[in-house]
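Values in this text are rule-based calculations from the coordinates and carry no lab data. Because the structure is predicted, anything quoted here is derived from the model rather than measured. Cβ coordinates were reconstructed from backbone atoms using ideal geometry, including for glycine residues, and neighbour counts include every protein chain displayed.
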């Protein structure tokens, strides 16, 4: 960059020399030394420009890649409550478009600003050597140019912040509609989806056009200053030539240098505005990066044996602080015991599972593993001893083998271990029936598989993890009778010898539990075995069983 600026600053002096000595030069024939000098100037300028472009762009890509990776690390380590408050589409927008908006400012924007700074300093020096008197007019135009950029910069930052927020909103709308595309088509809501996205796009367009109007006014103002400086230079230069205080060649050189200086000042002003836009666009990024959870104090790295207890636990979800999801819940589960959580929807069953997994922290009471408070244990080690099988298993779009091996992040899992886990989960036969076997791609959310197949892959994943504590969250509630039988056999193998929390409504699943905890409005209102609770006809458990067993059948349809 410095070499390119130096070579560029030599050009006007060469032109001035040529104009002032044009009569003395031999123009009848080609002056090969001058041609060689010109070609050398072009070569140096080309090499310098090429290297400057490459290295600044490379630096920009490296910085952006580093920021994107750091931002992802911060996001993926945020507590689950963070994702309760922020939509996936918004987070994806921050990770892509917001970060990318920095690239232009950091790469060629920064390169051009530094180049302009060199040209500005060098040009001012050359102007002062040609004519200090003529240089006085720079005291008016250059500060005005820089001040103009500073004044508009704050507005650019505000507009950029609004644009990125609107862009995140439009991405959120699009991501939500695409995620539920089957529902959109089933209810003929394509027009509604298009209307929602059109409204989000309209808000983005309105802000973008407002920002564009400001940019247009800024460029118009710079044009007035640039051409005003040129006109003032020509007028004052003509006066100085008339007084023999300046040669024609020097005036030409001065015009070129003054153009360089004013353009450099304009470029610096434009870079400042670009930087303000980038800062506005990325304010939210750095807020998120600064919100990285503090590293916890040294904790015990103990794997749970499976025994745990709730001691008067009180908990409310962050988005509903006034509603208690758990209200002074207390119970103990012994290692190897199978306990079913029973209750109506919203009673607090899944909340207990979320607290056991460490997704949230209770606001009151204590959660203890092997008699030690969860807050004193290292969460990563604690989770290594826990596995979960959900009602709708979470599957990645990769291969079946990848989804099963996902349970063991600490090492590379051999295919033989994956296949053995699949056999125990009654999944091996249907996997082998696929043309690609364990390399079969399951599609987004496992869309290429049936409900029973997804459940058995999730069970294989849990078996491979070999947990001490198992959480089954409505693992068979969405299956038909034939699939439920296959899945239930796999679950029986999975539960053998492990502490198990069973969240279920079906009697066939509940009956396998050693003990039942009956929940209502965030409290444990009954506990005991099925036989014990069945002998309490006035209890909530009997009412729930009657509602399930004797619910009126749906009327037959033709």
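Here are the numbers:
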{"quantity": "Computed FRET value (nearest 0.05) for residue 300 with residue 92, which takes r as the C-beta separation and R₀ as 35 Å", "calculated": "0.45"}
{"quantity": "Separation between Cα centres of segment 303-330 and segment 234-256, rounded to whole Å", "calculated": "84"}
{"quantity": "Long-range tail of P(r) for segment 203-248 (Cα pairs > 16 Å, %)", "calculated": "59"}
{"quantity": "Segment 86-101-segment 389-424 distance, computed between alpha-carbon centres (Å)", "calculated": "29"}
{"quantity": "Length added when fully stretched, residue 231-residue 129, from 0.36 nm per residue minus Cα-Cα", "calculated": "34.7 nm"}
{"quantity": "Two-site FRET efficiency, residue 543 against residue 117, from Cβ-Cβ distance with R₀ of 60 Å, rounded to 0.05", "calculated": "0.15"}
{"quantity": "Potential lengthening between residue 320 and residue 206 on full extension [0.36 nm per residue; Cα-Cα distance subtracted]", "calculated": "37.6 nm"}
{"quantity": "Computed label-point distance, nm, for sites residue 366 and residue 46 using a 7 Å Cα→Cβ extension", "calculated": "7.7"}
{"quantity": "Theoretical ellipticity at 222 nm over the chain - DSSP helices of four or more residues, -39500 (n - 2.57) apiece, nearest 500", "calculated": "-20000 deg cm²/dmol"}
{"quantity": "Size descriptor, Kirkwood hydrodynamic radius, that averages inverse alpha-carbon separations across segment 308-549, Å", "calculated": "18.7"}
{"quantity": "Neighbour-count ranking [beta-carbon atoms within 10 angstrom, fewest first] of 503, 241", "calculated": "241, 503"}
{"quantity": "log10 of Debye I(q)/I(0), alpha-carbon scatterers only, for segment 368-484 at 0.11, 0.12 Å⁻¹", "calculated": "-0.38, -0.44"}
{"quantity": "Likely footprinting exposure, 502, 256, fewest C-beta neighbours within 10 Å first", "calculated": "256, 502"}
{"quantity": "Net lengthening on full extension, residue 54/residue 185 (0.36 nm per residue, minus Cα-Cα)", "calculated": "42.4 nm"}
{"quantity": "Cα-based helix-to-principal-axis angle, 248-290 vs the chain, degrees rounded to 10", "calculated": "10"}
{"quantity": "FRET efficiency, 1/(1 + (r/R0)^6) with R0 60 Å, evaluated for residue 100 and residue 337 via beta carbons", "calculated": "0.70"}
{"quantity": "Sequence of 509, 499 once ranked by neighbouring C-beta atoms within 10 Å, starting from the fewest", "calculated": "509, 499"}
